1. Only one residue in Arg21, Arg8 is under 30 Å from Met164 (Cβ atoms), of a type in the set (D, E, K, R) and at pLDDT 85 or above, so which one is that?
2. Provide a single number: the residues in the stretch 40-57 that are within 30 Å of Pro11 (Cβ to Cβ) and either surrounded by fewer than 16 Cβ atoms within 10 Å (Cβ to Cβ) or in contact (Cβ under 8 Å) with a residue 40 or more places away in the chain (or both).
3. Kindly list the number of the only condition in (1) open to solvent by less than 30 Å² (accessible area, probe 1.4 Å); (2) at pLDDT below 85 that fails for Val151.
4. Six or more apart or on different chains, Cβ atoms under 7 Å: show the pairs whose first residue is in the stretch 66-85 and farther than 18 Å from Val53 by Cβ and among the basic types (Lys, Arg) and whose second is at pLDDT 85 or above and surrounded by 15 or more Cβ atoms within 10 Å (Cβ to Cβ).
5. Six or more apart or on different chains, Cβ atoms under 9 Å: show the pairs whose first residue is in the stretch 126-147 and farther than 13 Å from Tyr158 by Cβ and assigned to a strand (DSSP E or B) and whose second is open to solvent by less than 30 Å² (accessible area, probe 1.4 Å) and at pLDDT below 85.
6. Name every residue in the stretch 3-49 that is closer than 21 Å to Arg159 by Cβ and in a helix (DSSP H, G or I), in order of residue number.
7. So is Ser121 open to solvent by less than 80 Å² (accessible area, probe 1.4 Å), of a type in the set (Gly, Ala, Ser), farther than 18 Å from Val25 by Cα and modelled with pLDDT under 90 or not?
Amino acid sequence: MSGPTPRRWNPEEIVKDYVLRDEVVKLNVSRSFKSWLADQTIWLLIAVTVFLVFATVGSDVSIGLGLLVLVGAGGFLTWDWLRKRFTRYVITDMRVLRITGVLNRQMEFIPWGKITDVSRSESFMQWILGTATIRIESANEHSAFRAMTDVQDPAVFYRVLVQMVDLKQGRVEHHHHVR
């Protein structure tokens, strides 16, 4: 009796667990590291500040507490960074997928034929960091899969996404009425 298939732990590779044998992956990206770093800056600052306050008090207990805060923050950030690395946004010739989770993995996808709308938005911060949020509306209203946040190199991702929708659904015919 064979056990479960071994799990892939290289974030670049996990997509292979979710695509079909004859499915062609066109693009496979994770969330932007720069935007993640920017999101974490406030936590890093808080942790360092707390550490400095405790260290300034100077007693062994306060320095111990300060170190604990730093270690805790470090652990949290490491875990969060892993979550970011294991979030994959994938475009194949059949569908667009989002894979999330390090230990508990979740995969959602929308086949090309079901996509009704694609939009791209970027906050000022995302613009500075060169990322964007890409939203996909589908014919399935109950799908939890809507937005892909902090997509790195969004222009390329968006272009491939639109090309694939165009390939699978065809362009809208433009009828010019001559009066």
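1. Within the list Arg21, Arg8, the selection yields Arg21.
2. 8
3. (2)
4. Note: pairs meeting the criteria are Arg83/Val102; Lys84/Ser30; Lys84/Arg31; Arg85/Ser30.
5. The qualifying pairs are Ser138/Phe145.
6. Scanning the stretch 3-49 gives Val15, Lys34, Ser35.
7. No, not satisfied.
The values are calculated or read from the model by the stated rules, or taken from the named source; none is laboratory data. Here the structure is a predicted model, which is why all the values come from computation and not from measurement. Positions of Cβ are backbone-derived with ideal geometry, glycine not excepted, and every protein chain shown enters the neighbour counts. SASA here: full protein model, heavy atoms, side chains in, ligands and nucleic acids out. Shrake-Rupley method; radii C 1.70, N 1.55, O 1.52, S 1.80 Å.
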